[in-house]
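First the structure, in the form of structure tokens, and then the observations on it.
Computed from the coordinates by the stated procedures, all read-outs in this text should not be read as laboratory data. Just so it is clear, the model here is predicted, and its values are computed rather than measured. Cβ coordinates were reconstructed from backbone atoms using ideal geometry, including for glycine residues, and neighbour counts include every protein chain displayed.
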Amino acid sequence: MREIVTVRGGRLINPPSKAFLSNISLLLFDYGSDGLSFEDFNTTTVKGAKKIGESWERFTQAYMYMSYVLREYVSASLGSTLDSLYVNLVNIHVKYPRLRTSALVHLTQRMLGKLRSLEQMPDHPAVIASGF
């Protein structure tokens, strides 16, 4: 996991902490201050803080980084599912421009918190073989 995180983040990212690695390995999103935050994937700091705030660009960067890490660590099918979720989030952002980005951060965080309760997803070849 450490290699996946640092390769994607490049020189811009600080080496991941032990807590971050543990939380991402266990998909501990939406566990309060002890768990993983969607904002943990934001590599852009503003005035020393790693807040996404109302920046759609920082939201997109954090989402793409998080999606890549989970695709590499968990499975390609999770990555595809996260890609579909992102398309839906973009549609919401475009259709409701007055909706704050921070609201989408909260929504995304809550949805990611449900990952642990999902059943194991089949890999891509199994989905193709089933004729879906």
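Rounding to the nearest 20 debye, state how big the charge dipole of region 57-102 is about its Cα centre with +1 on each Lys and Arg Cβ and -1 on each Asp and Glu Cβ.
Working: 5 positive and 3 negative charges, 57 e Å.
Dipole magnitude for region 57-102 comes out near 280 debye.
Enumerate the amide H contacts of L36 below 5 Å, restricted to partners 5 or more residues apart or on another chain; note that Pro and chain-start residues carry no placed amide H.
L28, F29, D30, Y31
What is the sum of charges, Lys and Arg at +1 and Asp and Glu at -1, for the other residues whose Cβ falls under 12 Å from the Cβ of S25? Walk me through the numbers on the way to the answer.
Working: positive: R2, K18, R116; negative: none.
Taking every Cβ under 12 Å from that of S25, the sum is +3.
From the backbone phi of region 64-81, what are the Karplus-calculated ³J(HN,Hα) couplings (6.51 cos²θ - 1.76 cosθ + 1.60, θ = phi - 60°) in whole Hz, Gly and Pro given as x?
Karplus-based 3J(HN,Hα) across region 64-81 equals 5, 5, 4, 4, 4, 4, 5, 4, 6, 7, 8, 5, 5, 5, 5, x, 5, 5 Hz.
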